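The values are calculated or read from the model by the stated rules, or taken from the named source; none is laboratory data. All of these numbers come straight from a predicted model, not from anything done at the bench. Don't worry about glycine lacking a Cβ; one is built from the backbone with ideal geometry, like all the others, and counts go over all protein chains shown. To get the accessible areas, we keep the full protein, side chains included, count just its heavy atoms, and leave off ligands, DNA and RNA. Shrake-Rupley method; radii C 1.70, N 1.55, O 1.52, S 1.80 Å.
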Amino acid sequence: MKKLSILFTLMACCLMACTGGQKKTTNMETGNETLVRLETTMGNITVKLYNETPKHRDNFIKLAKEGTYDSTLFHRVIKNFMIQADDPQSKTATDTTTLGNGDVGYTLPAEFNPKFFHKKGALAAARLGDEVNPNKESSGCQFYIVTGRKFSEAQMISMENQLNDARLEAVFNELARKHMKEIYKLRKAGDNDGLLELQDSLEAQARDSVSRKPALKFSREQVAAYTTVGGAPHLDGAYTVFGEVTEGMDVVDRIQAVKTSRADRPVTDVRILKATVIE
C-alpha cells in the first residue's frame, strides 16, 4: 500500500401580435439558452450559456451588457489546454504587465453539474486555488474556453486513478495541517517513531474519510467525448462549466496556436473587441 507523504436554438425574440405594445420574451422565460458573441481580433466566437448554471449565466450576461469583456485580452493561452480571458486590468496593460489577478470585486458560488464537463469547446470559470479557495468559488469575471487534447480509454482509466489518489492526498494534507504543532514538536525531539505513528494514523483517517464518498469515475458520456473530440478531464468537478462554443471553434484553435511568452501570454495581443448578447 503506497504511503502518503506528510506534505456551458437561440429563439428569435417572440413578438406579441398586437397593434399596441409589444412584449419581448426573454430566453430565460422560454427556457432557451442564451447566446453571446465574442468579437475578437482573430474572428468571432459564439457561446451558449447553460440555464442549469443560472448564477454564472446571469453574471456573464450582465458583464457582457455592461461592456466588461470589451477590449480585454486573452491573457493566458496554453496549446492543447485552454485560452483564458477577461482580466479587467488587461484593457490597458503594457507588454510587461503581469495579468491574471484582476477581478470585479466578487466571486460566484460553484455550480457543478455532472452533465457539463471539460470537453473541447467548454466555457468555464477561472478561480483561485484550493489553498485560499476551498469552496471552489468562481472568479466574478475571468473565464476560459477548453481546447485540450484527445485521450485513449486506457489513459482515461489511468487518470481516474490519479485523480482519486490526488483526492486522498488532499484530505491527508489537510489533516496534517491541523496537526502541524504536534508534527513540529516530534521533529524537534527527533522522534521518528512518533512521526511514523502519527503518519499512519492520519493516513487511516484520510482513507476512512474518502471511502465515505463514491470514487471518481468518468461517465460514458465523458469517456466518449474525451476519446473523440478531446478536452481537459482532469479539471472536471473542480471548475464550473457554464456554457460551450457553438460557432467559431476554428477561431479558438487559431488563438491557442499563437506564440506565447514564458508567462503563457500571447506575444501579439489577442483581444475581445466586443461581447454581444444575442436577443
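Roughly how many percent of the accessible protein surface of the chain is carbon and sulfur, given a 1.4 Å probe and a whole-percent answer? Ligands and nucleic acids excluded, carbon and sulfur reach 52 percent. If you sort the three axes of the alpha carbon gyration tensor as a ≥ b ≥ c, you get a/c of 1.5 or more for region 33-74 and a/b no higher than b/c, which makes it oblate. Taking all protein chains together, Val229, Val47 sort by accessible area into Val229, Val47, largest first [probe 1.4 Å].
Modelled spin labels at Ser209 and Thr227, positioned 7 Å past Cα toward Cβ, are 3.4 nm from each other.
For the pair Gln155 and Arg254, the difference between a 0.36 nm per residue extended length and the Cα-Cα distance amounts to 33.0 nm.
I'd like to know which of Leu186, Leu198, Gly105 lies farthest towards the positive end of the charge dipole of the chain, counting +1 on Cβ of Lys and Arg and -1 on Cβ of Asp and Glu. Farthest towards the positive end: Gly105. For region 199-271 versus region 107-165, the inter-centroid distance based on Cα atoms is 4 Å. Note on region 179-278: Cα convex hull, mean projected area over all directions, 12.8 nm². Does region 81-189 classify as rounded, prolate or oblate by the C-alpha gyration tensor (a ≥ b ≥ c root eigenvalues; a/c under 1.5 gives rounded; else a/b over b/c gives prolate, otherwise oblate)? It is oblate, given that a/c is not under 1.5 and a/b is not larger than b/c. Each peptide in 268-278, 129-139, 52-62 was scored by the mean count of other Cβ atoms within 10 Å over its residues; highest first, the order is 52-62, 268-278, 129-139.
Checking the a/c ratio against 1.5 first, then a/b against b/c, what shape does the Cα gyration tensor give for the chain?
It comes out prolate by the Cα gyration axes.
Scaled against 2.2 N^0.38 Å for its residue count N, the alpha carbon radius of gyration of region 59-133 is 1.20.
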